[in-house]
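Read-outs throughout are calculated quantities, based only on the coordinates presented, and are distinct from any laboratory measurement. Every value quoted in this text rests on a predicted model; they were computed, and no experiment measured them. Cβ atoms come from the backbone with ideal geometry, glycine included; neighbour counts cover every protein chain shown.
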Amino acid sequence: MFVMTVDQRGSMRRGDAVPDLLASLNAEHGEDLLLPFERTAGDEVQALFATAATVVAVTVQLVRDGGWSAGIGIGAVQEPYPPSVRAGRGAAFVAARAAVESAKAAPYRIRVIGTEPAAERAETALWLLAGVLAKRSVHGWEAVGTMSDHQTQRDAADALGISAQAMSRRLAVAGWVEESRGTALSAYLLDQADVSEEQA
C-alpha cells in the first residue's frame with residue numbers, strides 16, 4: 001500500500017495553502033484514493049492510495065505547484081481501513097512519516113521509503129521526472145495540458161492557435177515524451193516496491 005504525507009514549505013511566508021491543496025487533490029484524484037487527503041497536523045496533509053499511478057500523478061501536481069515536501073511510504077496498512085486517514089495504522093504510515101521528514105533535504109523535496117530495493121529505484125525515477133518538470137515553462141505546461149484534451153498534436157495546436165510545428169517544438173522543450181516515460185517507469189517501480197499484498 002502507499003501512503004503520502006505532504007508538508008507545506010515556507011507557510012509563514014506564503015500563508016496557509018493547505019485548504020486549496022486539499023480541495024485540488026481530492027477533486028482531481030479523490031476517486032482513486034482509498035482514504036482522501038486530510039490535514040493531519042499543522043501544515044501537513046495525508047492520504048492512502050489505491051494505485052501507484054495515482055501516487056505519481058499527485059507527485060507531478062505537487063512538483064508543478066511548488067512549495068511542498070512529499071514523503072511516500074510503502075508497506076502494509078491495518079484493515080479494515082478507518083473512516084479517516086488520521087486514524088490509519090501500519091508500516092506504510094510509519095514510512096511516510098519518516099519520508100516526509102527526510103524529504104525536506106532531498107532532491108526536489110521527494111522521498112520514498114519502503115523495505116524493498118525497488119523503493120529507492122522508484123525514488124530515483126521520481127527525482128529524474130521532477131527534474132524534467134521543474135524546467136518546464138508556463139507555455140510548456142499549457143501545451144502538455146492541451147494535449148491531454150486532444151487526440152492529435154494538430155488538434156491541440158489549433159486549440160492554442162499555433163502551428164503544428166510550433167506545438168511540436170513546445171512539447172519537445174517541455175519534455176512531454178520524457179514525462180510520459182518517466183511517469184510509467186515511476187509507477188512500475190513503485191508497484192515493484194509494494195509487497196504488502198504478497199505479505200497479506
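Below is a table of values for the structure above.
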item	result
Candidates A99, A130, A27: whichever shows maximal mean-square fluctuation once the chain is modelled as a Gaussian network with Cα springs under 10 Å	A27
Order of S69, S168 - criterion: other Cβ atoms within 10 Å of each residue's Cβ, fewest first	S168, S69
For the range 2-116, Kirkwood radius (reciprocal of mean inverse C-alpha pair distance, Å)	13.8 Å
Mean separation of Cα contacts under 8 Å, 6 or more apart, over the residue count of the chain: relative contact order %	22 percent
Student exercise, the range 1-144 dipole from Lys, Arg, Asp, Glu Cβ charges, in Debye to nearest 20	440 debye
Approximate shape of the range 84-200 as ellipsoid semi-axes (Cα gyration tensor, √5λ), whole Å, largest first	35, 15, 13
Longest to shortest principal axis, alpha-carbon extents of the chain, angstrom	53, 40, 31
Between the range 106-123 and the range 42-91, the Cα center-to-center distance that results, in Å	14 Å
Rounded FRET efficiency, nearest 0.05, which uses the C-beta distance separating R64 from E116 and R0 of 35 Å	0.80
Highest-MSF residue in the chain out of D65, D158, D43 [GNM, Cα springs under 10 Å]	D158
